[in-house]
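S.K.: Could you have a look at this structure, given as structure tokens, before my questions?
Only the coordinates and a few stated rules stand behind these numbers; no lab work does. Computed from a predicted structure; not experimentally measured. FYI the Cβ positions are ideal-geometry reconstructions off the backbone, even for glycines, and counts take in every protein chain you see.
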Amino acid sequence: MLKRLLGPVLKRTDGWVDRLFGSKWNPLYQSGALVVLCLAVMLVTGLYLIFFYRIGAPYESIVRIEGQPWGGRWIRALHRYAADGAVVAAVVHALRMFCQGRSWGPRALAWISGVFLVFLLYVCGLTGYVMVWDTHGQLLATEGARLLDALPLFSEPISRTFAGADPIPSAFFFMNLFLHIAVPVGIVIFLWLHVSRVARPVLLPPRPLLWTTVGLLTGVALVVPAALGPGADLLRLPAEVTLDVFYTFWLPWTRSAAPGVVWLAAGVASAVAVAVPLLTRPQADRRPAPSFASTRLCTGCEQCYTDCPYDAIRMVDREGGREGKVALVNPAACVSCGICAGSCAPMGVGPPGRTGRDQLSRVKEFVQRQPDAGEDIVLVGCGRSAAAAWAGDHGRRFLVSCAGNLHTSVVEYLVRSGARGVLIVACPSRDCWGREGPKWLVERLFHEREAELKARVDRRRVRVAHASSFDRWSLGEAMDEFATELARLDAPVGDDAIEVETECDLAESSTPQDSPLPRPGHTSGP
Amino acid sequence: MSAATRARRSVALVLAIAGVLAMVSLSRLRWRNPDAEAAELRLSWRIPAPSERSCRPPTEAELEGVLPHMRPSEVCTDEAIPYRLTVLLDGDTLRSGPVARAGGRIRAITVYERFVIAPGDHRITVGFAPETASAAEAVAMAMDADVAAAPGDVILVATDDTGRLGLSEGR
């Protein structure tokens, strides 16, 4: 339901933001990396602030920091705004993963560790606000103590600490500070878990976006200092408080609610968040089958092992006394992105129905079905890109499950069959469902990466465009530009008998006999 | 970079700045705490384990189970003394009932109560005494005071250094 509501909104937003920022610098695609960037900013600024913080006089030390116009004030503001930015980016990241169906199966660990990361981020943020010990911190501490007292944890109510009869013991501020510093260690551990199942995790955004983000946060920190309320007075009820919506949005609601209701609501919300991998998992017959590797076709080149974005392929010794290695797919780690299908020159690896051989069979049928359309541009597109909804003036459409799934033999076949040009439409590189599809595709087409496009293919007739599902403008521009360039070339000459090297017979079955779910996956014809 | 792209990037930068400013304004949202329109009566004190000890000579059966050199001359049991807290505001009862103890063993009694009261002049009466008449030696405390509570004020009733109930300093 939520996915159906948010999915289209997300796609349209992606399209518009792509249009404005360019898909390469779209911050929505970098939301996960932006969280890490904000954490890094918090770490650096926090290291500075810790030198001036005094647990014996917390509020006074913050006032002193605020009194440093060229140092402390803006560094504290940057620390705080980076913390807000981390929450915003984390929410965007989680919504994207949820709407794109990237929250179940092998990705469940990343989802659940992400939930814990958000929890730790909140603990870190809330202890940070209490550290300041202004009226906001006072309200948080008293409300937190009220809620904790409802749990059977402490023999005596810890709310008495904030009764006002005695000064707050330094031990409280020490423990708060300790938590504020120790929790980031937990964040690092969970971050490691979060990316442990992906190969080559990208932890920081590209430099222009990185420095623009840091520059914007610094700029706003210089202009708008972080809020600092009056010092806490336990014998006064804070009248007007500056709330941080990103961390303390719940405060106005919980103040008037019974602790049991608050804990119940928090428990239900947490349980739902952790259960998302189960709730969003498709039914067994709708799950894409994991890749398989044909031991007969595998040459042991290790390219699929290198290219797999999820470290789901291992190289193991061949059985039967034969020398060399052979690829073995771990179905528990495979998300069925199909990138291995594009990386395997002999077309021996890939999800059932989507291997290079299957693609080649399909493209043959595709060409045979439209013999008169030879001189047109063929749009080869990822089913999640703008190609899926393309309805332009020219161009025939051949969809694949992911541009990185595409075997270069398909491109070769299309060019040699007489297509005027082949425009491959991939998702923006940082928004690929299979993570690294567009990157490997470009490498294979133009940079001689293994399973490369053969030298005999005229590369002037091959072009790659990046356009998200709603970014019809970029695709239209790429199509027009490509058509103009192709118009300068001679008319294409198709081969009568195209022999594409498959190294083994095309009749070789691409579906393993023991595959539990042999099904075609996300592919469709024009 | 074409003029159109440059224009789009400029719009993007303006949007990014607006986004960051929106985020900052949401992190500085002024919120008026409705609780501060009233005053609060707060009770907070702790008294050490009030208990009643009763002793008797051990029975033959009890002595048989113990080595001769370890036999006690008497067997004692400690029973927690139940306490009752009574809070009156201008003669109206805010609370009157037993005070729950923390944990299963005999421990200190901790009182921590909060009551929302209307701003203005009030008479506060607090009584904290054992529920059983037999525990005559146990601590019993009482307080009667007139207070003027402004909106947002906390009227704190706590024990002083001598262990007597009273309004805390500053009130």
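S.K.: Within 10 Å of each Cβ in B:35-45, how many Cβ atoms from other chains are there, averaged over the peptide? Could the numbers behind the result be given before it?
M.R.: Working: counts 6, 7, 2, 1, 1, 3, 0, 8, 2, 9, 3.
For this peptide, the per-residue mean of nearby foreign Cβ atoms is 4.
S.K.: Before anything else, pin down the relative contact order of the range A:2-279: Cα pairs under 8 Å, at least 6 apart, normalised by residue count, whole percent. Could you put the intermediate results ahead of the total?
M.R.: Numbers: 278 pairs, mean separation 79.2, N = 278.
In percent, rounded to a whole number, it is 28.
S.K.: How far is it, in nm, from the label point at residue A:265 to the one at residue B:46 when both lie 7 Å from their Cα along the line to the Cβ?
M.R.: 3.1 nm
S.K.: Give the average, rounded to an integer, of partner chain Cβ atoms located within 10 angstrom of each Cβ in A:85-98. Write out the running numbers ahead of the final one.
M.R.: On the way: counts 5, 0, 2, 6, 0, 0, 0, 0, 0, 0, 0, 0, 0, 0.
Per-residue shielding by partner chains comes out at 1.
S.K.: Just how far, in whole angstrom, is the range A:270-344 from the range A:220-237 if you go by their alpha carbon centroids?
M.R.: Distance between centres, Cα-based: 53 Å.
S.K.: Ranking A:55, B:124 by Cβ neighbours within 10 Å, fewest first, what do you get? Don't jump to the answer; show the numbers that get you there.
M.R.: Details: A:55 17, B:124 22.
Ascending Cβ contact count within 10 Å gives the list A:55, B:124.
S.K.: For residue A:485 and residue A:207, what is the calculated FRET efficiency with R₀ set at 30 Å and r taken between the beta-carbons, to the nearest 0.05?
M.R.: That pair, residue A:485 with residue A:207, gives E of 0.50.
S.K.: Summing Lys, Arg as +1 and Asp, Glu as -1, what charge do residues with Cβ under 12 Å from the Cβ of residue A:330 carry, residue A:330 excluded? Intermediate results must be reported in sequence, preceding the final value.
M.R.: On the way: positive: A:197, A:314; negative: A:311.
Charge balance near residue A:330 sits at +1.
S.K.: Follow-up question, since we're still on this one. If you stretched the chain out fully between residue A:275 and residue A:233, how much longer would it get, using 0.36 nm times the residue separation minus the C-alpha to C-alpha distance? Working shown, then result.
M.R.: Values: separation 42, 0.36 × 42 = 15.12 nm, distance 4.16 nm.
Gain on stretching residue A:275 to residue A:233: 11.0 nm.
S.K.: Further question on the same structure: Taking a ≥ b ≥ c as the square roots of the eigenvalues of the Cα gyration tensor of chain A, is the shape rounded (a/c under 1.5), prolate (a/b larger than b/c) or oblate?
M.R.: Numbers: a/c = 2.79, a/b = 2.15, b/c = 1.30.
Judged from the Cα gyration tensor, chain A comes out prolate (a/c at least 1.5, a/b above b/c).
S.K.: List the residues whose amide H sits under 5 Å from the amide H of residue A:293, counting only those 5 or more places along or on another chain, with H placed 1.01 Å from N in the peptide plane.
M.R.: Sorted by chain and number, the residues that satisfy this are A:329.
S.K.: So, one more: Would you please give the FRET efficiency between residue B:75 and residue A:174, computed as 1/(1 + (r/R0)^6) with r the Cβ-Cβ distance and R0 = 35 Å, to the nearest 0.05? Walk me through the intermediate numbers first.
M.R.: On the way: r = 45 Å, r/R0 = 1.29.
E between residue B:75 and residue A:174, to the nearest 0.05, is 0.20.
S.K.: What length, rounded to one decimal in nm, is gained on full extension from residue B:7 through to residue B:161, with 0.36 nm per residue of separation minus their alpha-carbon distance? Before the final figure, lay out each step's value.
M.R.: On the way: separation 154, 0.36 × 154 = 55.44 nm, distance 7.26 nm.
That works out to 48.2 nm of additional length.
S.K.: Taking chain B as a Gaussian network, Cα atoms linked when under 10 Å apart, which of B:27, B:96, B:54 shows the biggest mean-square fluctuation?
M.R.: With Cα springs under 10 Å in chain B, the top fluctuation among B:27, B:96, B:54 is at B:27.
S.K.: In the range A:79-204, with Lys and Arg counted as +1 and Asp and Glu as -1 at Cβ, which of these residues, A:164, A:154, A:203, has the Cα nearest the positive end of the dipole, that is, farthest along it?
M.R.: Result: A:203.
S.K.: Picking from A:79, A:29, A:13, whose Cα lies most toward the positive end of the charge dipole for the range A:1-90 (charges on Cβ: Lys, Arg +1; Asp, Glu -1)?
M.R.: The residue sitting farthest along the positive end of the dipole is A:13.
S.K.: Now for a separate question. Hey, got the dipole for the range A:2-279? About the Cα centre, +1 on K and R Cβ, -1 on D and E Cβ, debye to the nearest 20?
M.R.: On the way: 21 positive and 13 negative charges, 258 e Å.
Dipole about the Cα centre, nearest 20: 1240 debye.
S.K.: Can you tell me the FRET efficiency between residue A:192 and residue A:376 if r is taken as the Cβ-Cβ distance and R0 is 51 Å, rounded to the nearest 0.05?
M.R.: Working: r = 49 Å, r/R0 = 0.97.
In this case the efficiency is close to 0.55.
S.K.: I would also like to ask the following. Got a sec? How would A:170, A:159 order by Cβ neighbour count within 10 Å, fewest to most?
M.R.: Details: A:170 13, A:159 21.
Ordered by Cβ neighbours within 10 Å, fewest first: A:170, A:159.
S.K.: Across peptide A:152-164, what mean number of C-beta atoms from other chains lies inside 10 Å of a residue's C-beta?
M.R.: Values: counts 0, 0, 1, 8, 9, 7, 1, 4, 8, 2, 3, 12, 9.
Average neighbour count from other chains, rounded to a whole number: 5.
S.K.: Next question, about the same structure. Which is farthest toward the positive dipole end of the range A:351-487 among A:353, A:382, A:415, measuring Cα position about the Cα centre, with Cβ charges +1 (Lys, Arg) and -1 (Asp, Glu)?
M.R.: The residue sitting most towards the positive pole is A:353.
S.K.: A further question on this structure: In whole Å, what is the distance between the alpha-carbon centres of the range A:433-480 and the range A:8-35?
M.R.: Result: 20 Å between the Cα centres.
S.K.: Could I ask something else about it? Between their Cα atoms, which of A:11/A:439; A:11/A:364; A:325/A:364; A:24/A:364; A:11/A:454 are more than 28 Å away from each other? Don't jump to the answer; show the numbers that get you there.
M.R.: Details: A:11/A:439 21 Å; A:11/A:364 32 Å; A:325/A:364 32 Å; A:24/A:364 34 Å; A:11/A:454 35 Å.
Result: A:11/A:364; A:325/A:364; A:24/A:364; A:11/A:454 exceed 28 Å.
S.K.: Where nothing but the Cβ of Lys and Arg (+1) and of Asp and Glu (-1) is charged, how large is the charge dipole of chain A around its Cα centre, in debye to the nearest 20?
M.R.: On the way: 53 positive and 48 negative charges, 107 e Å.
Computed charge dipole of chain A: roughly 520 debye.
S.K.: Let me ask something else. Just B:41, B:85, B:29 to compare: in a GNM of chain B, with alpha carbon springs under 10 Å, which one fluctuates most?
M.R.: Highest fluctuation of the listed residues: B:29.
S.K.: What is the range A:109-223 by shape, rounded, prolate or oblate, if you read a ≥ b ≥ c off the alpha carbon gyration tensor as root eigenvalues and call it rounded for a/c under 1.5, prolate for a/b larger than b/c, and oblate otherwise?
M.R.: On the way: a/c = 3.21, a/b = 1.63, b/c = 1.98.
Because a/c hits 1.5 or more and a/b fails to exceed b/c, the range A:109-223 counts as oblate.
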